[in-house]
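Remarks on the structure that follows.
The values are calculated or read from the model by the stated rules, or taken from the named source; none is laboratory data. Worth saying up front: this structure is predicted, and the values here are computed from it rather than measured. All Cβ positions, even for glycine, are placed from backbone atoms using ideal geometry, and neighbour counts span all protein chains on display.
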Amino acid sequence: MINKKNFFPPKTQFYNWQSMALFLKFKTGYLIIYIKKTKGKQMTRKVLLCVLLLSVAVTAQNFIRNGTYLIISAVNNKVLDVQGAGKKDGTNICVHEHLGNPNQEFKVSFDNSGVCSIVSLDTKKYVNVDGGSLKDLANINQWASNNSDAQKFIIEPVTGTDMFVIVAVHSGKALTVDPNSNNVIQMPKPQSNDAKDANLNQYWRFSQRVSFKNMSNNKMFDIRGASHDTGAKLITFENNNKKNQAFDLIPIVNSEDYFLRCVHSGKYLSVSDGHLVSGSQIVQLPFGIVTPQRFKLDLVSDFTYYIASSKSNLVLDGAGKEGIVALADKKPVSSQQWKMYMFNPKSTTQQLKEELKETGSKTIDKLKNNTKKAKDKIKKLFK
């Protein structure tokens with residue numbers, strides 16, 4: 001039996017008894033409580049428990065693991081972004097092409113009830129529904145932590161896919177890409193979480209965008225020729241920092257396995273023909289909830305892994321002819337070991353330019369500082 005004290009907050013929290021709905025926290029999740037006033041009688045604390053809301057909150061922590069992610073819109077493959085890398089409270093949250101900057105990375109952390117916060121890795125500010133609004137079209141921005149439910153979210157899986165709906169706890173509405181802009185707003189969530197194209201602007205993937213280098217030949221995972229074709233082969237190739245060498249590492253619901261989504265094509269790494277036998281090649285195929293597209297990472301050392309086909313003891317080996325990657329029996333050899341890097345889409349030239357610019361700025365600052373010190377010494381001498 002539930003103690004009544006658990007149901008009734010202090011009187012100071014009640015303002016409009018006729019229309020108020022309260023979120024109450026329990027270890028089992030969130031409940032919506034509606035309080036009604038009996039017509040013509042004094043206000044009472046009669047509680048009508050009418051809806052069990054967000055029951056998925058209890059198990060949501062199983063769907064997405066605590067960690068730092070790119071949060072990718074299913075409608076246009078752009079990533080969640082603190083606009084202009086702004087630092088201030090109220091800076092707009094939008095979607096933007098992936099640039100490899102920290103304002104596009106977010107830390108997702110769950111509490112014991114399965115509710116999560118989403119925090120910019122760059123500013124340490126929280127993804128926030130502006131002003132705690134309950135209205136449709138309310139803007140999403142970043143704000144310093146205020147421990148409000150406008151900064152708390154439920155992550156709900158979309159049935160039969162690798163996508164999720166992000167639901168604001170305070171409003172029950174979903175983060176949505178505005179079809180008229182790249183802004184993120186809140187709108188009523190889909191009536192059912194199925195993979196309808198009409199709902200894609202409310203669907204998101206949680207990814208770590210990575211590249212893999214073979215420890216034997218120092219070449220990268222690469223979809224041959226940057227092909228978009230179904231069945232295009234995975235090979236190892238010299239690092240060129242292009243999107244056909246980038247992969248979204250997507251955690252699979254209620255599992256320790258991952259999908260590996262090819263960034264350039266939107267297709268998924270898969271064992272060719274579904275044959276989980278030694279020698280089977282790795283190719284890209286359209287998405288499917290099938291074992292040949294599931295992989296697990298077995299740690300060897302810092303950021304170096306065996307990449308194993310789920311449900312088998314076979315691992316990806318980069319020693320094939322023409323660089324072809326295929327399944328092989330697991331052995332302690334470097335051709336089966338892969339170092340994982342966070343993918344940065346900036347070209348080597350861009351990176352060098354930025355490094356030179358930063359070094360130049362530091363040198364100029366140092367010279368200015370030394371000049372000021374010299375002037376101060378001269379002033380002291382002539383005092």
Just to be sure I understand the filter: pairs with C-beta atoms under 8 Å, separated by 6 or more residues or on different chains, first member in the range 212-233 and farther than 25 Å from residue 332 by Cα, second member surrounded by 15 or more Cβ atoms within 10 Å (Cβ to Cβ) and among the small types (Gly, Ala, Ser). Which pairs pass?
223/232; 223/265; 224/232; 225/232; 227/265; 228/265; 231/272; 232/265
For residue 206, only one of the following conditions fails: (1) within 15 Å of the chain's Cα centre (by Cα); (2) crowded, with 22+ Cβ neighbours inside 10 Å; (3) under 20 Å from residue 308 (Cβ atoms). What is its number?
(3)
What is the residue count in the range 258-308 for residues that are within 21 Å of residue 71 (Cα to Cα) and among the small types (Gly, Ala, Ser)?
3
Qualifying residue in the range 125-140 (condition: assigned to a loop (DSSP other than H, G, I, E, B), at pLDDT 95 or above and under 15 Å from the mean Cα position of the chain (by Cα)):
no
Testing residue 75 on (1) in contact with a Gly (Cβ under 6 Å, 6 or more places away or on another chain); (2) in a loop (DSSP other than H, G, I, E, B); (3) aliphatic (A, V, I, L, M), one condition comes back false. Which one is that?
(1)
How many residues, within the range 174-192, are out of contact with any helix residue (DSSP H, G or I) (no Cβ under 7 Å at 6 or more places or on another chain), closer than 17 Å to residue 72 by Cα and in a loop (DSSP other than H, G, I, E, B)?
3
What is the residue count in the range 83-108 for residues that are in contact with a Cys (Cβ under 9 Å, 6 or more places away or on another chain) and at pLDDT below 95?
0
The correct count of residues that are surrounded by 14 or more Cβ atoms within 10 Å (Cβ to Cβ) and touching a residue at least 40 places away in the same chain (Cβ under 8 Å) in the range 267-277 is 3
